[in-house]
Amino acid sequence: MDERMERRNFLGLAAVGVSGLVLRSDAAPTPRSHDADDAESLHSLLSGDDLKPTVSRELGPFYRSGAPYRAKLTPPFEPGTILVVTGRIWSFTTKKPIAGASLDLWQVDNQTKDYSNGNGDFKNRARLLTDETGGYEFETVHPVPYSPGPNFWRSPHIHFIATAAGHRRLVSELFFKGDEKQDIDSLFHPSLAMSVEKRKLNGQAYEHVVFDIVLEGSAR
């Protein structure tokens, strides 16, 4: 199998169109690859001792509604380090995972340092629904730092909005431990910074991050 096919079939997340560069919005659900990894965290979190609402962040000006439902934010063969993020969305009220929760994701382009306009161009944007165990999984490339304005730096991050019936909408960001510019990023929060594990699959190196999101119940 040649290199392009190896990359195309990596983890089975990308559905490639005729041009080889177009992601289908109706791609099949991502095959789960993290069930064994989550078994220990699932058991510990069910005790409720470590379950805390996820810290919120500002929405910012770059969110665009209407992103396609898919398990891959970036186009196939996008330059950068492949990153796979897995986790569950939890209810702080019930202390249980939430099936059918929605996760809206977006990140900056690693090459242009801009966000796609969301008007027919949804590069680096996607939406997901959690499965019956509250789990989700998506593939992207590790984000880069960028400067959206004078004397203002953002450390690498992925924006997200998490919603579920009976729970408050959460707007927040995912960061990665050890990335640069975190010390001067005013929006960085250490509780949102996850450990990055380097892995290999079929000879292809990639990064893996586990990120559990906890939603607060709606006020009655």
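The values are calculated or read from the model by the stated rules, or taken from the named source; none is laboratory data. If you're wondering where the values come from, they're calculated on a predicted model, not measured in any experiment. Positions of Cβ are generated from backbone atoms using ideal geometry, with glycine treated the same way; all protein chains shown enter the neighbour counts.
Look at (1) in contact with a Leu (Cβ under 6 Å, 6 or more places away or on another chain); (2) under 17 Å from GLY80 (Cβ atoms); (3) in contact (Cβ under 8 Å) with a residue 40 or more places away in the chain; (4) of a type in the set (Phe, Trp, Tyr) and you find that PHE175 fails only one, number (3). Restricting attention to region 187-220 and to residues that are part of a loop (DSSP other than H, G, I, E, B) and modelled with pLDDT under 95, the residue that is farthest from VAL144 (Cα to Cα) turns out to be ARG220.
For region 81-93, the condition of being modelled with pLDDT of 95 or more, surrounded by 13 or more Cβ atoms within 10 Å (Cβ to Cβ), of a type in the set (Ser, Thr, Tyr) and within 12 Å of the chain's Cα centre (by Cα) holds for at least one residue.
Counting only residues that are of a type in the set (Ser, Thr, Tyr) and exposed (fewer than 14 other Cβ atoms within 10 Å of the Cβ), which one in region 177-220 is nearest to ALA99 (Cα to Cα)? Here the answer is SER218. Quick check: is even one residue across region 150-160 within 21 Å of SER56 (Cβ to Cβ), touching a helix residue (DSSP H, G or I) at 6+ places or on another chain (Cβ under 6 Å) and not polar (S, T, N, Q)? Scanning region 150-160, I find no residue that is within 21 Å of SER56 (Cβ to Cβ), touching a helix residue (DSSP H, G or I) at 6+ places or on another chain (Cβ under 6 Å) and not polar (S, T, N, Q), so the answer is no.
For first residues located in region 71-93 and over 12 Å from THR140 (Cα atoms), partners that are in a loop (DSSP other than H, G, I, E, B) and among the aromatic types (Phe, Trp, Tyr) and lie 6+ apart or on another chain with Cβ distances below 8 Å form the pairs GLY87/PHE211. If you take the residues in region 43-63 that are part of a loop (DSSP other than H, G, I, E, B) and touching a Leu at 6+ places or on another chain (Cβ under 8 Å), which one is modelled with the lowest pLDDT? Across region 43-63, the extreme among qualifying residues is LEU51.
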